[in-house]
1. When you scan segment 58-65, do you find a residue that is out of contact with any Gly (no Cβ under 9 Å at 6 or more places or on another chain) and either modelled with pLDDT under 85 or hydrophobic (A, V, I, L, M, F, W, C) (or both), even just one?
Amino acid sequence: MDKKLNSNLIFIMIFVLGLLMGYFLGQNQGLDKIKQISPFKKGCFYNGITYQNGDGFQAEDGCNSCSCDNGQVACTMMACIIE
């Protein structure tokens with residue numbers, strides 16, 4: 001009977017440890033998701049137009065594309081063919 005009690009106790013301890021690990025690992029992932037969808041992300045001002053965080057738009061040169069990432073404009077830098 002003692003062996004069965006010990007094995008049940010070990011099973012319960014492993015189960016509780018798994019629950020605790022899942023809880024704490026899940027909390028960290030949840031915090032990362034909250035940061036990604038934060039309403040406090042900054043918009044961008046480019047070429048006289050204000051863009052929201054995550055917006056994509058055409059670059060001033062007409063052949064590259066840009067995006068707004070938390071107040072920073074990032075554009076591709078491909079060579080444009082002038083006709």
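The values are calculated or read from the model by the stated rules, or taken from the named source; none is laboratory data. Given the structure is predicted, the values throughout are model-derived calculations rather than measurements. Here Cβ is always computed from backbone atoms with ideal geometry, including for glycine, and neighbour counts include all displayed protein chains.
1. Looking for residues that are out of contact with any Gly (no Cβ under 9 Å at 6 or more places or on another chain) and either modelled with pLDDT under 85 or hydrophobic (A, V, I, L, M, F, W, C) (or both), one finds at least one in segment 58-65, hence yes.
Condition check ((1) part of a loop (DSSP other than H, G, I, E, B); (2) touching a residue at least 40 places away in the same chain (Cβ under 8 Å); (3) over 25 Å from the mean Cα position of the chain (by Cα)) across all residues:
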residue	(1), (2), (3)
Phe45	no, no, no
Gly54	yes, no, no
Glu60	yes, no, yes
Cys63	yes, no, yes
Cys66	no, no, no
Ala74	no, no, no
Ile82	yes, no, yes
